[in-house]
1. For the chain, what is the accessible area per residue in Å², given a 1.4 Å probe and the full set of protein chains?
2. Taking the highest mean first, how do the peptides 315-326, 223-234, 171-182 order by number of other beta carbon atoms within 10 angstrom per residue?
3. Note down the magnitude of the dipole of the range 280-348 about its Cα centre, charges +1 on Lys and Arg C-beta and -1 on Asp and Glu C-beta and zero elsewhere, to the nearest 20 debye.
4. Just to be sure I understand: if I project the alpha-carbon convex hull of the range 284-348 onto a plane and average over all orientations, what area do I get in nm²?
5. Label points 7 Å out from Cα along the Cβ direction at residue 310 and residue 90: separation in nm?
6. Using the C-alpha atoms of the range 158-220, what convex hull volume per residue, in cubic angstrom, is computed?
7. Regarding the range 218-271, what are the three Cα extents along the principal axes, ordered largest first, in Å?
8. With every protein chain kept in the model, how would you rank 342, 285, 271 by accessible area, 1.4 Å probe, largest at the top?
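The values are calculated or read from the model by the stated rules, or taken from the named source; none is laboratory data. Since the model is a prediction, treat every value here as computed from it, not as a measurement. Quick reminder, even Gly has a Cβ in these numbers, built from the backbone with ideal geometry, and neighbours come from all protein chains shown. Only protein heavy atoms, including side chains, enter the accessible area calculation; ligands, DNA and RNA are left aside. Shrake-Rupley method; radii C 1.70, N 1.55, O 1.52, S 1.80 Å.
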Amino acid sequence: ACHGRVPRVRASLLLDRAMTSTDLSLARPSRRGALQLLAAGAAALALPAFAQWPDRPIRIVVTFPPGGSSDILARVMGEQLARRLGQAVVIDNKPGAGGTIGGAQVAAAAPDGYTLMLANTTPIALGPFTLDKQPYDPVAAFSHIAALGSAPLVVMASKGSGIASFADLEARARKDGRLDFGSGGPGSIGHIHGELIRRVTGLHLEHVPYRGGAPMTTDLIANTIPVGIDVITAYVPYFKSGQLVPLAVTGNARSPLMPEVPAIAEVGQPKLVLENFFGLSGPAKLPPEVVARLHAACNEVLAMAEVQKKLIELGIVAKPETTARFEGIVKEQVAVLGPTVKAAGIKL
């Protein structure tokens with residue numbers, strides 16, 4: 001059946017010979033055998049093209065260097081997915097250009113389920129809009145398969161700034177006419193959230209870019225800058241030691257890492273909710289059966305207590321969704337953040 005019409009032709013010849021045979025005792029078995037051959041061929045032809053998927057290793061592209069939250073999450077998921085799919089899952093780090101180097105490779109890959117991406121806000125809703133020529137459509141260029149979770153940012157202040165709440169931040173910015181804030185770099189999600197605050201509130205926040213979160217932390221502790229915005233994970237020890245002051249997390253709810261810190265909607269700013277989503281995506285037009293199998297496998301992994309614990313350590317809350325809802329999350333972020341990046345004139 002794997003060779004087109006060959007089995008059907010052979011079966012037809014057998015049937016013709018059987019029907020013209022003068023020995024009826026031989027004709028009956030031959031006809032039965034021919035009919036069985038025809039049935040087997042038809043059944044094989046009816047099998048889905050991807051019924052045996054996967055039959056070789058799967059690659060998950062991570063658009064960040066090794067060691068970060070995306071990389072660790074990809075390796076946790078990859079190990080568990082390999083057990084469920086019966087094939088090795090290889091993690092391939094492709095950082096650069098706001099996540100668009102790796103994103104472009106996945107968008108251009110064959111839609112066969114063997115090249116996937118650990119998707120998050122940066123390569124989907126930020127990076128493509130920081131380049132003069134958008135390398136791919138962040139919605140249409142991908143099959144967005146499964147939501148894995150989300151991590152809020154934290155708006156924080158230096159201890160010496162005198163800012164102890166988000167209301168203090170607003171009052172200080174209005175009083176002084178300007179307030180500097182740091183982020184992990186131009187086009188980072190912390191940078192974009194600061195620009196979103198500017199758009200929504202009208203406050204004059206001036207961006208101070210750093211080459212990552214570590215040098216920004218040094219300047220915050222030294223009170224060189226008053227405010228910083230970044231993903232919450234790395235800053236919890238500084239909050240607990242009292243060296244930095246958390247003002248609000250940017251999710252819809254409080255973070256389990258710091259449940260005493262209010263969510264930004266609680267401080268009267270629901271339009272400033274922004275979470276860094278994590279998901280599994282692949283090239284556009286992935287076969288539905290491959291999407292369904294990957295989606296089910298991801299949800300099984302996310303239901304594991306040890307996986308949920310590991311995600312919490314990364315500042316990520318596991319949030320499985322339907323494929324349709326995950327696509328909706330992507331579209332919502334692109335619709336909000338794309339115009340914010342363009343309005344701010346952010347270029348890499």
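1. 46
2. Per-residue mean Cβ counts within 10 Å order the peptides as 223-234, 315-326, 171-182.
3. Around 300 debye, computed over the range 280-348.
4. 6.4
5. 2.1
6. 78
7. 31, 20, 15
8. Descending order: 285, 271, 342.
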